[in-house]
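Colleague: I'd like to ask you about the structure that follows.
The values are calculated or read from the model by the stated rules, or taken from the named source; none is laboratory data. The shown structure was predicted, so the numbers you read here are calculated from the model rather than taken from an experiment. Backbone-built Cβ (ideal geometry, glycine too); neighbour counts: all protein chains shown. Keep in mind that these areas ignore ligands, DNA and RNA; they rest on the heavy atoms of the full protein, side chains included. Shrake-Rupley method; radii C 1.70, N 1.55, O 1.52, S 1.80 Å.
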Amino acid sequence: MDNRWKRQRNLLWAAVVAIGVLPLLTRNVNLQHVLILFVMYAGLGEAWNIVTGLAGQTSFGHSAFFGIGAYAAAVAYWKYGASPWIGMAVGSFAAAALAFVISYPVFRLEGKYFSIATLAFGEIMMQLFKSWDYVDGATGIIIPVAPASLVNFQFHGEKIPYFYIVFAMFILALAAFVAVERSRFGMYLKAIKNNQDAAMSLGINPAKYKLLAMVSSAALTALFGSFYAQYILYIDPFMVFSLDLSLKIVLLTVLGGLGSVWGPILGAALLIPLSEYTRIALGGTGKGIDLMVFGLLIMIVTSFQPKGIIGLLGKRQPNLKGGASKDASTAA
Amino acid sequence: MLFLLPQMVASGLMLGFVYALVAVGLSLIWGVMDIINFAYGEFLMLGMYSTFWFFTLFRMDPLLSLPIQAMVVFMIGFLVYKLLIKRVVDVPGLSALLATFGLRIFFRNLAQFLWTPNYRFINESFVADKRVFLFDGALILGMPQLVAGIGSILMTLAVFYFVQRTRMGRAIQATSMDKEAARLMGIDTEKVYSFTFGLAGACVGVAAALLASFYPIYPESGSIFGLIALVIVALGGFGNIRGALYSGVIIGLTESIGGFFLGAEFKYALIFLIYLIVMQVRPKGLFGW
């Protein structure tokens, strides 16, 4: 098992370095943009994977944390002229605090009742931000343009700095996932996922560990929200709190392989170029052809490769008995 | 303000019956196939567009075309099952749910592509702009809302009758209790699945025809109904269609009464909040076990 982990670790390092070099190899702005979104979604997937892949609690509400991060960074500069980085820290902390508060009520529910509760939580956040005058409600926030600098978190036309910021966040999320997975904490989460009652009988406190998983996942997710706000420079509640965003994270992780560190990377590598290039090729007419094609592709991929890409490759996680297909069955 | 309470209760009830009808269909799919259908609100949206086009092209009043809409959306549900859901229905995990997510994006943008994102209205229906005064004017209800509420509860009761009294309905019940046992008893579960999807479609088809005369029709008009229906089904306990009816009424009343006291912009937040609160007391749904 140790050998397998070493091989796994080397492979991961190779993949991370390869991803990190990619944007330097091209001057194509579209491609750099796709790489930025790929890394962002892969990171979001890793964060989500902690709660759902490891602890087996399927969350449909992660856009709530993403949105909080996005709004915190935007409000910091737009309202107070403070650096978005301060906003990001506040947002991440706020998301963690909120995860802490809602964890107690939602984790009392199991299975689909839990999933619908997270969905309800995400919708509540959207509805509240939609009617909250302080953040201009449904109008959203246009983040004022500032001189390009790291402190201002704005680089205007330059894509490379954005890439390396989100890449650093991605590595953080990836490292967090691996660290959790390989720790005693990760073992507890898997025990809870496989059989909560049995885990309890062994002295594991499910509420405590699920809460920890949720809080760390939320804090990480918020970071990407802050990044997104600074990258796009415009946010509104329908964008950053949308159910579609939450489900996109679910989709790419499950597509890649739920509960595996590779899942979000593979899923995002397939899905994000598909979605962005159909948008570049077919979007712009405002008629939604690009999203029609995207929806169609989702249906094709899910119905022909229901076990995830990782099932296709036959890869298995060293710590997971039974591989990706079994994980998927217990997580539903 | 309290003298308005009967008014709020009445309009909440009417709304609740519509929610109940939409939720009952979703609950059937959930009970029989164990699938969360994220494209369900989009079925409703397609039904509303179909109602709109029957009205605009053939001058057919929504109430007249109601049976047609039930059949149209029945066919949509049936075809969705045959072309998509069939491939993922027995796959463990989230595949089926994600397939319906793809379908949701597809339907929504198909509608936008074909019919633009603009709002459309049916303003000259039989029921338009009429009001009903009850108890010497103590209670005033919009005719479209009243007809929608009554129509929905009738359709809901018809679905209950169908599920409990007919052969097909009993096959649906048996399949939702135990798929394997049902198969062993000679029930064609494949047929039950496709029919259930169609029947759920028929429920929203009826709801669509009833809603179309007072609700704006646009590519996302079904979205909030789909989400609220998910919450209602969970609130009632999965697969429990009676629970879906009662929860639908509770949610309708919550929206109407809560929206009045807290402000209309918070009515949806309140609905989702009620779910979180009630589930603390009944973690398996109000009527679950």
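Colleague: Could you pull out every one of the helices (runs of 4 or more DSSP H) wholly within the range B:3-87 that has 1 or more residues that are open to solvent by 30 Å² or more (accessible area, probe 1.4 Å) and within 30 Å of residue A:111 (Cβ to Cβ)? First the steps, then the outcome.
Modeller: Working: elements: B:5-33, B:40-58, B:62-80.
So the answer is B:5-33, B:62-80.
Colleague: Follow-up. Based on what the data block shows, is residue A:253 modelled with pLDDT under 95, out of contact with any helix residue (DSSP H, G or I) (no Cβ under 7 Å at 6 or more places or on another chain) and within 13 Å of chain B (Cβ to nearest Cβ)?
Modeller: Working: modelled with pLDDT under 95: yes; out of contact with any helix residue (DSSP H, G or I) (no Cβ under 7 Å at 6 or more places or on another chain): no; within 13 Å of chain B (Cβ to nearest Cβ): yes.
No; evaluated as a whole, the condition is false for this residue.
Colleague: Of the residues in the range A:270-291, how many are surrounded by fewer than 19 Cβ atoms within 10 Å (Cβ to Cβ) and under 23 Å from residue A:170 (Cβ atoms)?
Modeller: 6
Colleague: Mind telling me which of the residues A:53, A:67, A:43, A:20 ends up being surrounded by fewer than 24 Cβ atoms within 10 Å (Cβ to Cβ) and not in a loop (DSSP other than H, G, I, E, B)? If you could, list the steps in order and put the result at the bottom.
Modeller: Working: A:53 fails: surrounded by fewer than 24 Cβ atoms within 10 Å (Cβ to Cβ); A:67 fails: surrounded by fewer than 24 Cβ atoms within 10 Å (Cβ to Cβ); A:43 fails: surrounded by fewer than 24 Cβ atoms within 10 Å (Cβ to Cβ).
On inspection, the qualifying residue turns out to be A:20.
Colleague: Taking residue A:34, is it touching a residue at least 40 places away in the same chain (Cβ under 8 Å), more than 28 Å from residue A:117 (Cα to Cα), in contact with an Asp or Glu (Cβ under 9 Å, 6 or more places away or on another chain) and of a type in the set (Val, Ile, Thr)?
Modeller: Details: touching a residue at least 40 places away in the same chain (Cβ under 8 Å): yes; more than 28 Å from residue A:117 (Cα to Cα): yes; in contact with an Asp or Glu (Cβ under 9 Å, 6 or more places away or on another chain): yes; of a type in the set (Val, Ile, Thr): yes.
Yes, satisfied.
Colleague: Is it the case that some residue within the range B:250-268 is under 20 Å from residue B:85 (Cα atoms) and either at pLDDT 95 or above or surrounded by fewer than 21 Cβ atoms within 10 Å (Cβ to Cβ) (or both)? Outline the logic, then answer.
Modeller: The first filter runs over the range B:250-268 and keeps only residues under 20 Å from residue B:85 (Cα atoms), leaving none.
No, the range B:250-268 contains no residue that is under 20 Å from residue B:85 (Cα atoms) and either at pLDDT 95 or above or surrounded by fewer than 21 Cβ atoms within 10 Å (Cβ to Cβ) (or both).
Colleague: Report, by residue number, each residue of the range A:107-131 that is open to solvent by 10 Å² or more (accessible area, probe 1.4 Å) and either over 17 Å from residue B:265 (Cβ atoms) or of a type in the set (Ser, Thr, Tyr) (or both).
Modeller: Residues satisfying the conditions are A:107, A:108, A:110, A:111, A:112, A:113, A:121, A:131.
Colleague: Evaluate the following for residue B:219: is it at pLDDT below 90, in a loop (DSSP other than H, G, I, E, B) and within 11 Å of chain A (Cβ to nearest Cβ)? Working first, answer last.
Modeller: Numbers: at pLDDT below 90: no; in a loop (DSSP other than H, G, I, E, B): yes; within 11 Å of chain A (Cβ to nearest Cβ): yes.
Taking the combined requirement at face value, the residue does not satisfy it.
Colleague: Counting only residues that are of a type in the set (Gly, Ala, Ser) and in a helix (DSSP H, G or I), which one in the range B:222-247 is farthest from residue B:32 (Cα to Cα)? I'd like the intermediate steps shown before the answer.
Modeller: Narrowing the range B:222-247 to residues of a type in the set (Gly, Ala, Ser): B:222-223, B:226, B:229, B:234, B:236-237, B:239, B:243-244, B:247.
From what is left, the residues that are in a helix (DSSP H, G or I) are B:223, B:226, B:229, B:234, B:236, B:243-244, B:247.
Working: B:223: 23, B:226: 18, B:229: 16, B:234: 15, B:236: 16, B:243: 15, B:244: 14, B:247: 19 Å.
By that ranking, first place goes to B:223.
For (1) basic (Lys, Arg); (2) within 17 Å of residue B:24 (Cβ to Cβ); (3) within 13 Å of the chain's Cα centre (by Cα), each residue gets a yes or a no:
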position: B:207; (1), (2), (3): no, yes, yes
position: B:217; (1), (2), (3): no, no, no
position: B:243; (1), (2), (3): no, yes, no
position: B:261; (1), (2), (3): no, no, no
position: B:271; (1), (2), (3): no, no, no
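Colleague: Next question, about the same structure. Can you tell me which residue among B:187, B:224 is more than 14 Å from every other protein chain (Cβ to nearest Cβ), closer than 29 Å to residue B:85 by Cβ, open to solvent by 30 Å² or more (accessible area, probe 1.4 Å) and among the aliphatic types (A, V, I, L, M)? Steps first, answer last, please.
Modeller: Working: B:224 fails: more than 14 Å from every other protein chain (Cβ to nearest Cβ).
It is B:187.
Colleague: When you scan the range A:138-161, do you find a residue that is closer than 28 Å to residue A:36 by Cβ, within 14 Å of another protein chain (Cβ to nearest Cβ) and open to solvent by 30 Å² or more (accessible area, probe 1.4 Å), even just one?
Modeller: So in the range A:138-161, the residues closer than 28 Å to residue A:36 by Cβ come out as A:138-161.
Then drop every residue that is not within 14 Å of another protein chain (Cβ to nearest Cβ), which leaves A:138-139.
Checking the rest, the ones that are also open to solvent by 30 Å² or more (accessible area, probe 1.4 Å) come to A:138-139.
Within the range A:138-161 (the criterion being closer than 28 Å to residue A:36 by Cβ, within 14 Å of another protein chain (Cβ to nearest Cβ) and open to solvent by 30 Å² or more (accessible area, probe 1.4 Å)), the answer is yes, since at least one residue qualifies.
Colleague: I would also like to ask the following. Please specify each residue of the range B:88-106 satisfying the condition of being hydrophobic (A, V, I, L, M, F, W, C), buried (at least 23 other Cβ atoms within 10 Å of the Cβ) and out of contact with any Ser or Thr (no Cβ under 6 Å at 6 or more places or on another chain). Step through it out loud before you land on a result.
Modeller: Step one: list which residues in the range B:88-106 are hydrophobic (A, V, I, L, M, F, W, C), which gives B:88-89, B:91, B:94, B:96-99, B:101, B:103, B:105-106.
Remaining after also requiring buried (at least 23 other Cβ atoms within 10 Å of the Cβ): B:94, B:96-99, B:101, B:103, B:105-106.
Scanning the range B:88-106 gives B:94, B:96, B:97, B:101, B:103, B:105, B:106.
Colleague: Considering only residues of the range A:175-206 that are under 20 Å from residue A:62 (Cβ atoms) and among the small types (Gly, Ala, Ser), which is least open to solvent (accessible area, probe 1.4 Å)?
Modeller: Residue satisfying both the conditions and the ranking: A:186.
Colleague: Can I ask one more? Confirm whether residue A:310 is modelled with pLDDT of 90 or more, more than 8 Å from chain B (Cβ to nearest Cβ), surrounded by 22 or more Cβ atoms within 10 Å (Cβ to Cβ) and over 30 Å from residue B:218 (Cα atoms). Reasoning before the result, please.
Modeller: On the way: modelled with pLDDT of 90 or more: no; more than 8 Å from chain B (Cβ to nearest Cβ): yes; surrounded by 22 or more Cβ atoms within 10 Å (Cβ to Cβ): yes; over 30 Å from residue B:218 (Cα atoms): yes.
No; evaluated as a whole, the condition is false for this residue.
Colleague: Also, quick follow-up: Filtering the range A:77-135 down to residues that are among the polar types (S, T, N, Q) and over 30 Å from residue B:94 (Cβ atoms), which residue is nearest to the other protein chains (Cβ to nearest Cβ)? It would help to see each step written out before you state the result.
Modeller: Here is the first cut: in the range A:77-135, the residues among the polar types (S, T, N, Q) are A:83, A:92, A:103, A:115, A:118, A:127, A:131.
Cutting the leftovers down to over 30 Å from residue B:94 (Cβ atoms) gives us A:83, A:131.
Working: A:83: 32, A:131: 4 Å.
Filtering first and then ranking leaves A:131.
Colleague: Quick test for you: out of A:52, A:26, A:58, pick the one residue that is at pLDDT below 90 and not acidic (Asp, Glu). Outline the logic, then answer.
Modeller: On the way: A:52 fails: at pLDDT below 90; A:58 fails: at pLDDT below 90.
Exactly one of A:52, A:26, A:58 is at pLDDT below 90 and not acidic (Asp, Glu), namely A:26.
Colleague: Six or more apart or on different chains, Cβ atoms under 9 Å: show the pairs whose first residue is in the range B:1-23 and without any contact (Cβ under 8 Å) to a residue 12 or more places away in the chain and whose second is of a type outside the set (Phe, Trp, Tyr).
Modeller: Hits for this filter: B:3/B:138.
Colleague: Among the listed residues B:199, B:235, identify the single one that is under 19 Å from residue B:81 (Cα atoms) and either surrounded by 18 or more Cβ atoms within 10 Å (Cβ to Cβ) or without any contact (Cβ under 8 Å) to a residue 60 or more places away in the chain (or both).
Modeller: Values: B:235 fails: under 19 Å from residue B:81 (Cα atoms).
One residue alone meets the criteria, B:199.
Colleague: Still on this structure: Hey, among the residues in the range A:218-249 that are out of contact with any Gly (no Cβ under 9 Å at 6 or more places or on another chain) and farther than 17 Å from residue A:72 by Cβ, which one's least open to solvent (accessible area, probe 1.4 Å)?
Modeller: So, considering only residues that are out of contact with any Gly (no Cβ under 9 Å at 6 or more places or on another chain) and farther than 17 Å from residue A:72 by Cβ, the one least open to solvent (accessible area, probe 1.4 Å) is A:247.
Colleague: Between a first residue in the range B:260-283 that is part of a helix (DSSP H, G or I) and a second residue that is among the small types (Gly, Ala, Ser) and at pLDDT below 90, which pairs have beta carbons less than 7 Å apart while being 6 or more apart in sequence or on different chains?
Modeller: Partner pairs satisfying both residue conditions: B:267/B:259.
Colleague: Just checking, which of B:122, B:172, B:153 is more than 14 Å from every other protein chain (Cβ to nearest Cβ), outside any helix (DSSP H, G or I) and touching a residue at least 24 places away in the same chain (Cβ under 8 Å)? Spell out how you get there, then give the answer.
Modeller: Details: B:172 fails: outside any helix (DSSP H, G or I); B:153 fails: outside any helix (DSSP H, G or I).
Being more than 14 Å from every other protein chain (Cβ to nearest Cβ), outside any helix (DSSP H, G or I) and touching a residue at least 24 places away in the same chain (Cβ under 8 Å) holds for just one of B:122, B:172, B:153, which is B:122.
Colleague: Is there a residue in the range B:133-148 that is among the β-branched types (Val, Ile, Thr) and open to solvent by 30 Å² or more (accessible area, probe 1.4 Å)?
Modeller: Taking every residue of the range B:133-148 in turn, at least one turns out to be among the β-branched types (Val, Ile, Thr) and open to solvent by 30 Å² or more (accessible area, probe 1.4 Å).
Colleague: Can you tell me which residues in the range B:52-99 are at pLDDT below 95, within 19 Å of residue B:222 (Cα to Cα) and within 14 Å of chain A (Cβ to nearest Cβ)?
Modeller: Within the range B:52-99, B:97, B:98, B:99 qualify.
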